[in-house]
There are 2 protein chains.
Amino acid sequence: MKILITGAAGFLGQQLIDRLLSDGVIRLAGAEPVPVDGIVGFDQVIGAHRDPRLTNVAGDISDAATVEALVDASVGAVFHLAAVVSGTAEADFDLGLRVNLDGTRVLLEALRHRGERPVLLFSSSIAVFGGDLPEVVDDRTTPTPQGSYGIQKLAGELLVQDYSRKGFVDGRCVRVPTVVVRPGAPNGAASGFASGIIREPLAGLEAVLPVSAQTEMWVASPRAVIDMFLHAIGLPEAAWGWNRMLNLPGLTVSMQTEIEALRRFGGEAAVARIRHEPDERIMRLVRTWAARFDPRRAIGMGFRADPDFDSIVKAYVEANPGAVGR
Amino acid sequence: MKILITGAAGFLGQQLIDRLLSDGVIRLAGAEPVPVDGIVGFDQVIGAHRDPRLTNVAGDISDAATVEALVDASVGAVFHLAAVVSGTAEADFDLGLRVNLDGTRVLLEALRHRGERPVLLFSSSIAVFGGDLPEVVDDRTTPTPQGSYGIQKLAGELLVQDYSRKGFVDGRCVRVPTVVVRPGAPNGAASGFASGIIREPLAGLEAVLPVSAQTEMWVASPRAVIDMFLHAIGLPEAAWGWNRMLNLPGLTVSMQTEIEALRRFGGEAAVARIRHEPDERIMRLVRTWAARFDPRRAIGMGFRADPDFDSIVKAYVEANPGAVGR
């Protein structure tokens with residue numbers, strides 16, 4: 001069984017590759033676990049991983065010939081993580097449309113014409129919710145994206161939904177919470193500060209908090225997200241039914257909760273490295289995001305969030321020893 | 001003021017042209033009415049209308065160069081009606097995507113790069129609702145399209161929404177009820193029987209009713225739809241706010257109600273021309289459609305449906321004297 005991962009050089013892609021290589025097996029669409037014979041890691045740049053089972057390919061996800069060449073008959077499962085993140089999609093409208101919408105469509109077309117119907121995990125986002133939202137977003141809340149990223153992700157979900165209904169693919173879209181603590185350098189995501197105020201102070205660096213400490217967000221750790229990706233692609237198709245769009249479980253945390261966790265792991269010195277610099281532009285944007293969910297359907301399907309924010313920080317510290325305690 | 005109409009050769013396009021030529025003026029985005037100096041009627045074929053103020057252009061809506069050439073600086077308003085209808089979009093998946101999604105995007109791109117921000121009316125459909133719906137669909141009900149047509153219309157709405165938010169166009173999407181009584185020959189719309197059982201018997205022809213007489217649908221007359229198009233494009237932008245998607249008012253009618261109206265206008269002889277031939281495939285499809293709406297937001301914005309089904313039939317008979325009473 002060969003697995004294609006788009007966005008493989010991104011940090012979730014790299015963690016997913018780690019996990020698949022170390023597990024050595026994968027459960028797909030309710031079948032018995034099968035060995036991971038090979039992984040094709042596709043991105044615009046070559047990822048850092050090296051392994052005999054891994055083939056790194058660089059290219060443009062919106063180019064049909066490139067993507068068709070990736071999707072040969074031996075590819076039985078696809079994790080579609082490639083995306084231009086929120087801040088970048090807002091700043092570069094054309095790039096966002098090309099990667100987030102065209103890229104998804106090009107991939108779906110290639111899979112449709114591949115012969116055997118493959119199983120596809122599409123990494124969507126809670127950015128499909130925004131604006132005038134109820135106190136708690138539940139499974140019946142209408143997505144009303146307030147940014148190009150959310151619009152493009154939702155349009156991509158609709159395509160996955162229809163390609164699945166038509167029997168071209170067996171697609172599953174999961175709306176991922178804000179991923180915290182994201183390792184490495186800050187990226188173009190507008191939500192980056194939620195990771196930054198943990199990651200940077202633990203590394204001895206200064207971090208800016210551009211929103212009030214009372215600001216709440218809906219978050220999940222990278223490990224929980226990878227677990228949920230694997231759960232999503234492993235469920236029998238019947239567990240999804242006609243509705244291929246799903247709000248994932250997460251945790252509602254305030255930035256104050258994050259700061260308190262930082263104090264427990266890094267002490268007062270770490271907390272002192274957070275500079276409070278309210279930025280009205282970012283605050284206005286963050287206020288349109290959903291922070292409280294009732295993800296009942298996902299819970300019923302067996303998806304699980306992190307138990308609490310301290311375990312998120314603990315997992316980050318364990319997984320990134322070199323990035324902590326300088 | 002020049003006006004572009006896509007789908008101009010379709011029956012709503014032709015009625016809209018009639019109306020604009022006879023009104024001679026149009027109100028756009030809350031401004032004072034301006035004269036209709038010219039209409040560009042675009043479709044894949046040349047429409048039947050001839051008038052010195054009308055230029056008919058035939059071409060492919062998904063071809064960027066064609067559409068860019070249409071949208072010159074003198075075009076101040078666009079009615080985007082071009083679409084592959086539901087039955088056809090389901091039967092020819094690629095054609096549906098190309099016309100309904102790519103066509104909308106190509107038009108939006110051309111308008112974005114035109115210079116001055118034009119006002120755009122996008123004719124969407126209640127086909128964005130389907131499947132496991134509440135008894136009454138209201139303004140908060142999540143669209144869950146169950147066919148490619150509804151998926152493509154909803155994805156098009158999302159693009160119009162985002163192009164409007166970005167300030168590229170001033171877009172307004174209206175979800176049109178099933179249009180009854182549609183004149184002329186049957187088209188590829190799966191809902192065609194709702195017009196057929198009035199139109200054909202009144203013309204002395206046989207019509208097939210493939211669903212039970214208890215089946216309900218959400219309908220509006222062509223005249224009411226044209227009125228609502230003009231109202232939608234005439235409202236000030238502030239009346240729309242950030243939310244550019246709207247469920248239009250209509251009437252809930254059962255096929256039995258239609259048959260009773262037919263009896264009043266065409267007598268028993270007309271009713272006897274309806275052949276009841278339940279078709280399980282069509283019934284399954286129609287059961288996924290929304291038939292009852294609470295279009296509160298649209299009512300508050302001044303949109304109005306037909307008063308009752310008899311006035312719909314009366315308007316049809318008056319507007320199509322040649323098609324009745326043979």
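The values are calculated or read from the model by the stated rules, or taken from the named source; none is laboratory data. In this text the structure is predicted, and so the values were computed from the model without any measurement. So basically every Cβ, Gly included, is an ideal-geometry build from the backbone, and we count neighbours across all protein chains shown.
Residue-level analysis places B:Leu108 among those that are within 11 Å of chain A (Cβ to nearest Cβ) and in a helix (DSSP H, G or I). Within region B:253-276, residues that are within 10 Å of B:Asp310 (Cβ to Cβ) have Cβ atoms under 7 Å from residues that are aliphatic (A, V, I, L, M) and at pLDDT below 95 in these pairs: B:Phe265/B:Val317, counting only partners at least 6 apart in sequence or on another chain. Restricting A:Arg199, A:Arg182 to those that are part of a loop (DSSP other than H, G, I, E, B) and either in contact (Cβ under 8 Å) with a residue 60 or more places away in the chain or small (Gly, Ala, Ser) (or both) reduces the list to A:Arg182. For B:Ile151, the conditions (1) within 13 Å of chain A (Cβ to nearest Cβ); (2) closer than 18 Å to B:Val71 by Cα all hold with the exception of (2). Among the residues of this structure, A:Arg304 counts as one that is modelled with pLDDT of 95 or more and either surrounded by 15 or more Cβ atoms within 10 Å (Cβ to Cβ) or under 21 Å from the mean Cα position of the chain (by Cα) (or both).
How many of the residues making up region A:137-148 are more than 7 Å from chain B (Cβ to nearest Cβ) and either charged (D, E, K, R) or assigned to a helix (DSSP H, G or I) (or both)? Residues flagged as more than 7 Å from chain B (Cβ to nearest Cβ) and either charged (D, E, K, R) or assigned to a helix (DSSP H, G or I) (or both) within region A:137-148 amount to 2.
For region B:258-279, does any single residue satisfy the condition of being out of contact with any helix residue (DSSP H, G or I) (no Cβ under 7 Å at 6 or more places or on another chain), away from chain A (no Cβ under 14 Å) and within 30 Å of B:Gln161 (Cβ to Cβ)? Scanning region B:258-279 turns up no residue that is out of contact with any helix residue (DSSP H, G or I) (no Cβ under 7 Å at 6 or more places or on another chain), away from chain A (no Cβ under 14 Å) and within 30 Å of B:Gln161 (Cβ to Cβ). Of the residues making up region A:154-166, just one is within 13 Å of A:Asn247 (Cβ to Cβ) and more than 9 Å from every other protein chain (Cβ to nearest Cβ), namely A:Glu157. Whether any residue in region A:167-181 is within 11 Å of chain B (Cβ to nearest Cβ), among the basic types (Lys, Arg) and crowded, with 22+ Cβ neighbours inside 10 Å is what I want to check. Looking through region A:167-181, none of the residues is within 11 Å of chain B (Cβ to nearest Cβ), among the basic types (Lys, Arg) and crowded, with 22+ Cβ neighbours inside 10 Å. Checked against (1) surrounded by 15 or more Cβ atoms within 10 Å (Cβ to Cβ); (2) under 16 Å from A:Pro177 (Cβ atoms); (3) not acidic (Asp, Glu), A:Ala323 meets all criteria but (2). Against the condition within 27 Å of A:Ala127 (Cβ to Cβ) and in contact (Cβ under 8 Å) with a residue 24 or more places away in the chain, how does A:Ile5 come out, does it pass? Taking the combined requirement at face value, the residue satisfies it.
Right, B:Ser191: within 21 Å of B:Arg284 (Cβ to Cβ), facing chain A (nearest Cβ under 10 Å), crowded, with 24+ Cβ neighbours inside 10 Å and among the polar types (S, T, N, Q) or not? Considered against the rule, which asks whether it is within 21 Å of B:Arg284 (Cβ to Cβ), facing chain A (nearest Cβ under 10 Å), crowded, with 24+ Cβ neighbours inside 10 Å and among the polar types (S, T, N, Q), B:Ser191 comes out as no.
Examine region A:170-178 for a residue that is more than 18 Å from A:Glu90 (Cβ to Cβ) and not in a strand (DSSP E or B), and state whether such a residue exists. Scanning region A:170-178, I find at least one residue that is more than 18 Å from A:Glu90 (Cβ to Cβ) and not in a strand (DSSP E or B), so the answer is yes.
For every residue, the table says whether it meets (1) crowded, with 22+ Cβ neighbours inside 10 Å; (2) among the charged types (D, E, K, R).
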{"residue": "B:Asp51", "(1), (2)": "no, yes"}
{"residue": "B:Ile61", "(1), (2)": "yes, no"}
{"residue": "B:Leu70", "(1), (2)": "no, no"}
{"residue": "B:Gly76", "(1), (2)": "no, no"}
{"residue": "B:Gly87", "(1), (2)": "no, no"}
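Of the residues making up region B:111-135, just one is within 14 Å of chain A (Cβ to nearest Cβ) and touching an Asp or Glu at 6+ places or on another chain (Cβ under 7 Å), namely B:Ser124. For B:Leu235, indicate whether it is crowded, with 23+ Cβ neighbours inside 10 Å, more than 16 Å from the chain's Cα centre (by Cα) and away from chain A (no Cβ under 14 Å). In short, no. Within region B:108-130, no residue satisfies the criterion of being in contact (Cβ under 8 Å) with a residue 60 or more places away in the chain and more than 21 Å from the chain's Cα centre (by Cα).
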